[in-house]
Every structure is written in C-alpha cells, then in structure tokens.
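Peer 1: The structure follows.
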Amino acid sequence: VDLHLDRAGSRVRATLEDQLREAVRSGRLRPGWRLPSSRSLAAELGVARNTVVEVYGQLTAEGWLVARQGSVTRVAGQVPAAPAGPALPGPGQPLRYDLRPGAPDAAAFPRSRWLAAARRALTAAPAEALADTSPLGRPELHQALTGYLARARGVRVSPDRIVICSGFTQGFGLLCQALAARGARTLAVERYGLPGLDETATAHGLRTVALPADGSGAVTARLGAADAAVLTPAHQFPLGTVLAPGRRTEAIAWASRRNAVLIEDDYDGEYRYDRQPVGAMQALAPDLVVYAGTASKSLIPGLRLGWLVLPAQLVAEVGAAKAQADRQSSTLDQLTLAEFIASGGYDRQVRRTRLAYRRRRDQLTEAVARRVPAVRVTGVAAGLHALLELPPGLDEDEVIARAARRDLALEGLRGYRVGRPAAGHPDAPALVIGYARPPEHAFGLALDRLIEVLTDALRG
Ligand SMILES: Cc1ncc(COP(=O)(O)O)c(C=O)c1O
C-alpha cells in the first residue's frame, strides 16, 4: 500500500494518527488492506519505530485498524462512524489544505535571520532615522534595492528613483492617482489578472480596457489608444506565460509613440526554474516603464513592503500620493529589509525557496502527467503557480466544490477574468494552482488530494 504519509513537523505521532484516520475515512485505505510493518513505515518516514507502534496501537484501540498478536496490521472491516457535527468546514472557515495562488510558503519565512537583521538594523540606526517621515522611504533601503534589483533583475535603477510602498497593491493605487492627475484616462489591463486592479483604477477615475493574451503573453498590438498599461511580463498572472521579446519591444514602441506609461508588475520575477531569469522589461526603457516589485512572494505578504522604480518625472507625484495615503511605510521594517538584503539574507532566502518551489513544481507536473494525463499543466517555467487546463466538459466550479468536500481549497481561472468573456470565446475551464502556499509537510498531502479530486471528477 502506497500510503503517502508525511511526518509533519514536531507533532509526528498526532499527525500520523490523523492522516491514517483520514485515509480510512475517505476510502483511500480500504477495509481489510494490509498496512506496512511498523519497522518499514518507521524507516520510510524517518521516525522512531516505537512511534509507529504507538500510532497503530492507538488506532487499533479506536477501531480503525485490527491487529492480531504477532500478525500483520490491517484496516478494520467496519470503521467507526464519523463524529457527529458538520462534515464540512462551515462558511468562512479555512480548509485544511490550500492550493490557491497568491501566497508563498509562510512557514519558510526565515524568522531567526529576520529577527537578527532587525536587531542589527535597530542597533545601528541613528535617532534621526527613527524620526524620519520621508514618504519616499529610507535611503538604506533605496541603496540596498538599487544593488539587488540591478544584479538580480537587470533593472536600471538609482536610489533617487525608488518609492517604498505597502506592497504592489498600494503602489498600483499611487500610480493610478498620479497618472490620472497628469491627464491619463484609460488604462490597459491584461484580460486575466490580479483581482481588484480594475476597481482600483476606476476608483481613481481611469477607465480600463482588457488586453487579450495568447501563448506569447499579452497581445501588445491591441494596446491601442490607452494612456497607460499594467503588464506581468516575467510570468503572466495567472496564465503563466512569459511576455515574448517581440511583444516587449512592441509595448515599448507603443509607449514611446503615445507618451504612455507601462507598469511592470514583477511580483515573482526571481522565481524562474529552467533557465536564467528573464530580465526586467524596464531595462529597455527606464523613462517609460515603472518597475514594481514586492516582498510578498519572496518573503511574506504580511510584511507589506513593495517598491516602485520610477521614471524621473513621476517620482515627486508618486511620493506626494504616498504621503497623502499613509505618510510612509514603517521605518523599522524598511531598515530591517535593507539590512537583510545587504547581509545576503534575502538572496539566500530566494535561493532556498526557489529550490523548494521548483521541487514542488516538478512533483505537480509529474503527478498530473502520470495520474491524470487528460489535464494539461502550463505556465510552469516560473513563479509560484501553474495553470491546470481541464478537459472540455469539466466544470471549474464543480471541481472546486468537490475539492472543498475533501478539505482542499482551489481556485478557478474564471475568477481572474476582467470583464465579460470575449464574444464567441467562452472561458476554457482551468484551475490556478498555487503550489508554493502549503507548508512543506502538507504539500504532498494537498497534491494527493488534488489528484484524487481530478480523478474522481474525470470519472464523473
Ligand atoms: C499579479 C500579482 N501582483 C502583485 C502581487 C503582490 O501584491 P502585494 O505586493 O500587494 O502583496 C500579487 C500577489 O498575489 C500578484 O498575484
């Protein structure tokens, strides 16, 4: 029996018990099936044999397993009834396994290194720094980002072009405000994209137009008469394509012709797996492109730190919008991030998580290809998410509901569409899988459930 168990952090015994109960309850382990010997399961999981003996003993006492003296352990013929109460988590209650996109593995946040950087930064900071209220952000962070972004993303940057903001979300709002104040009226957004862009732009008086996308990324020939555009060139969100070189130059030529501004949302640009990272588009035209980066994927979204590298003529206006919005981002967090980058902690974290996420991506693509080959995985060259294209006839919502019944949170592509589907082009059903989000110990279990859900859905 291939059990697919995880040893799961410090509560090994309790976790193993839970996983085995769940496997029997869900039918993954059938009545009468023989379990591995305690010796071989212990060796496979790298835990003490006694732990497995105790787990088997406990589950035998509860009636899930049966064991005869000196004989093998089997799944009981009749398993205990499910405890009374709702079988499904109630509305708003989080599901146990989560493969929705939009977040990294928060358990991989380097707490002790971050704390050490915070201590060093605060110890070294002059009082002047702690009283500083510059809306553009701290010079230490401008300096550290200048070196990092030039080196890691090929951005053409100097410290005086950077504004620190509360993640991309705030940065985008500040840009909309500044662009609208300069007379911009229309913003092109990708037809599939980060939810909320449309609303933010509209709130600042900009009308949005949706750009179609194909296998080469956003169709830049359709930028048309817009005054600005926001794109995800390194890894289209959520389709996962990379903006082709010809499209990049086409977008720049468009911006130059129309004196328009391009916003490059480089939310996961550090995560490229099979080749060298694709450099930032901003390097082609630093006076037309705003480069926007964030610590939400490389560290955690809760940090709320992002950065805009701006054309010179936009710095003062965006800085003024930041001052009006919330005066400045937290000085202590900025100083800590500056120290974290300068001391090499940031690069190390990106390298470490890149390896882990690449492994997960490989597991996902391999498991889908082997066990549910009717589902196509795309958009996997980079980033923290992949697109699973479902065969025609499968309904996204129905698959998501099936998954929820198995305690697995999923999201469909449809929720990322801006506006209505193009006439004659209904959405093809697809899931956007965020494989970085679960903690390391839960990823294998979440993936197993995903495959089970897809297998069941395909069976009908
Ligand atoms: C396309 C895209 N851009 C940007 C972000 C990051 O937003 P923020 O920096 O506000 O956390 C995300 C996070 O999910 C995203 O998916």
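The values are calculated or read from the model by the stated rules, or taken from the named source; none is laboratory data. Bear in mind the structure is a predicted one, so any value in this text is a computation, not a measurement. Backbone-built Cβ (ideal geometry, glycine too); neighbour counts: all protein chains shown.
Peer 1: Tally the residues that are buried (at least 17 other Cβ atoms within 10 Å of the Cβ), away from the ligand (no atom under 16 Å from the Cβ) and over 17 Å from Leu355 (Cβ atoms), restricting the search to the range 101-119.
Peer 2: Final tally of qualifying residues: 3.
Peer 1: With the checklist (1) within 14 Å of the ligand (Cβ to nearest atom); (2) modelled with pLDDT of 95 or more in hand, flag the one item Ala213 doesn't pass.
Peer 2: (2)
Peer 1: If you don't mind, another one. So which residues in the range 271-295 are within 13 Å of the ligand (Cβ to nearest atom) and closer than 19 Å to Gly379 by Cβ?
Peer 2: Tyr271
Peer 1: I'd like the residue in the range 216-238 that is within 16 Å of the ligand (Cβ to nearest atom) and over 21 Å from Arg420 (Cα atoms) and, out of all such residues, is surrounded by the fewest Cβ atoms within 10 Å (Cβ to Cβ).
Peer 2: That would be Pro233.
Peer 1: Report, by residue number, each residue of the range 241-283 that is touching a Gly at 6+ places or on another chain (Cβ under 7 Å) and among the acidic types (Asp, Glu).
Peer 2: Residues satisfying the conditions are Asp266, Asp268.
Peer 1: Looking at Thr241, Thr202, Thr208, Thr249, which is the one that is hydroxyl-bearing (Ser, Thr, Tyr), surrounded by 17 or more Cβ atoms within 10 Å (Cβ to Cβ) and either part of a loop (DSSP other than H, G, I, E, B) or out of contact with any Leu (no Cβ under 6 Å at 6 or more places or on another chain) (or both)?
Peer 2: Being hydroxyl-bearing (Ser, Thr, Tyr), surrounded by 17 or more Cβ atoms within 10 Å (Cβ to Cβ) and either part of a loop (DSSP other than H, G, I, E, B) or out of contact with any Leu (no Cβ under 6 Å at 6 or more places or on another chain) (or both) holds for just one of Thr241, Thr202, Thr208, Thr249, which is Thr241.
Peer 1: Return the residue satisfying two criteria in turn: it lies in the range 161-170 and is part of a helix (DSSP H, G or I) and touching a Lys or Arg at 6+ places or on another chain (Cβ under 9 Å), and of such residues it is farthest from the ligand (Cβ to nearest atom).
Peer 2: The residue in question is Gln170.
Peer 1: Scanning the range 13-34 for residues that are within 24 Å of Leu450 (Cβ to Cβ) and touching a strand residue (DSSP E or B) at 6+ places or on another chain (Cβ under 9 Å), which turns out surrounded by the fewest Cβ atoms within 10 Å (Cβ to Cβ)?
Peer 2: Arg30
Peer 1: Another question about this same structure. List every residue pair whose Cβ atoms sit under 9 Å apart, with the two residues 6 or more apart in sequence or on different chains, where the first one lies in the range 262-275 and is under 25 Å from Ala184 (Cβ atoms) and the second, anywhere, is within 12 Å of the ligand (Cβ to nearest atom) and among the hydroxyl-bearing types (Ser, Thr, Tyr).
Peer 2: Listed by first residue and then by second, the contacts come to Glu264/Thr232; Asp265/Thr232; Asp265/Thr294; Asp266/Thr232; Asp266/Thr294; Tyr267/Thr232; Tyr267/Thr294; Tyr267/Ser296.
Peer 1: Restricting the range 179-192 to residues that are crowded, with 24+ Cβ neighbours inside 10 Å and of a type outside the set (D, E, K, R), which is farthest from the ligand (Cβ to nearest atom)?
Peer 2: In this case the residue turns out to be Leu179.
Peer 1: When you scan the range 193-210, how many residues do you find that are touching a Ser or Thr at 6+ places or on another chain (Cβ under 9 Å) and either more than 16 Å from the ligand (Cβ to nearest atom) or among the hydroxyl-bearing types (Ser, Thr, Tyr) (or both)?
Peer 2: The total comes to 6.
Peer 1: Output the number of the condition that Ala152 fails; it satisfies all remaining conditions of (1) within 16 Å of the ligand (Cβ to nearest atom); (2) within 20 Å of the chain's Cα centre (by Cα); (3) outside any loop (DSSP other than H, G, I, E, B).
Peer 2: Every condition holds for Ala152 apart from (1).
Peer 1: Among the strands (runs of 3 or more DSSP E) lying completely within the range 306-398, list those that include at least 3 residues that are closer than 20 Å to Leu454 by Cβ. If you could, list the steps in order and put the result at the bottom.
Peer 2: Details: elements: 306-309, 376-378, 385-389.
Passing ranges, in order: 376-378, 385-389.
Peer 1: On the given criteria, is Pro311 away from the ligand (no atom under 13 Å from the Cβ), at pLDDT 95 or above, surrounded by fewer than 23 Cβ atoms within 10 Å (Cβ to Cβ) and farther than 23 Å from Leu194 by Cβ?
Peer 2: No; evaluated as a whole, the condition is false for this residue.
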